[in-house]
Amino acid sequence: YLAVVAVLLAYLGVHELRRRTELTRLAQWPQRLPAGPGALFRDVLESVGHIFGARRVVMIWQEPDEPSSILASLIDGRFEWGPKPPDRFEPLIPAPLASTSFVCRNVGARAPVVLRADAQELAGLGPAPLHGDFSRRYDVGPVLALKVSASDCGGWLLVLDKPRLSSDDLTLGLVVAQ
C-alpha cells in the first residue's frame with residue numbers, strides 16, 4: 001500500500017509542477033503593445049505557444065466590414081499572417097461547437113470526442129470539429145480551440161498538437177482567451 005501511495009504522491013507532484021509552470025508562463029505574458037498588427041499577432045501566438053508548450057498556434061480573426069478574415073500562424077518558429085480568402089475553411093467550426101471553446105484530442109478520428117467549455121462532452125459528434133481542409137492543411141491532431149472576441153471582432157485561437165492535452169488546458173485557455 002505504501003508503494004501505491006508513493007506513486008500517487010509522485011503523480012500529484014508532477015501534475016502540480018506542470019500547472020505551476022503553466023501559470024508562471026501566463027504571468028509572464030508580454031506587457032508591451034507591439035507596433036503594427038503583424039507584430040501583435042506574432043506576439044500573441046508566441047505567448048500562447050509558450051504558455052501551452054505548443055509548437056503550432058493558429059489564429060483566424062474577423063473584423064467588421066472586412067470581406068476576409070485574417071489568418072495568422074506560428075509553426076515551429078515561422079510566422080505568417082495575412083488575409084484568408086473569404087470562403088476558405090468556412091465554416092471553420094461546425095454549428096454544434098461554434099458557440100464555445102473546446103478541446104479535442106483526436107480531430108482526425110472517425111468519431112472525435114470533444115469537451116466543450118460548458119462541460120458538455122460530445123462523443124462521436126458526426127462532423128469533424130474543424131473544417132476538413134483546415135485539418136488537412138495543418139495536419140491537425142489534438143486541438144485546443146479558443147473562441148476569442150473583442151468589441152465587435154472575433155475569431156478562433158487554435159493550439160495544435162499540444163502534448164498531453166487535457167480539460168485543465170481548456171480551463172487555462174479560457175483565461176488566455178480573455
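The values are calculated or read from the model by the stated rules, or taken from the named source; none is laboratory data. Just so it is clear, the model here is predicted, and its values are computed rather than measured. As a convention, Cβ positions derive from the backbone with ideal geometry for all residues, glycine included, and neighbour counts pool all protein chains shown. Ligands, DNA and RNA are stripped out before the accessible areas are found, and what is left, the full protein with its side chains, is counted by its heavy atoms. Shrake-Rupley method; radii C 1.70, N 1.55, O 1.52, S 1.80 Å.
The combined condition, being at pLDDT 90 or above, more than 19 Å from Leu165 (Cα to Cα), of a type in the set (Ser, Thr, Tyr) and touching a strand residue (DSSP E or B) at 6+ places or on another chain (Cβ under 8 Å), is not fulfilled by Ser68.
Against the conditions (1) open to solvent by less than 70 Å² (accessible area, probe 1.4 Å); (2) at pLDDT 90 or above, Arg116 satisfies every one except (2).
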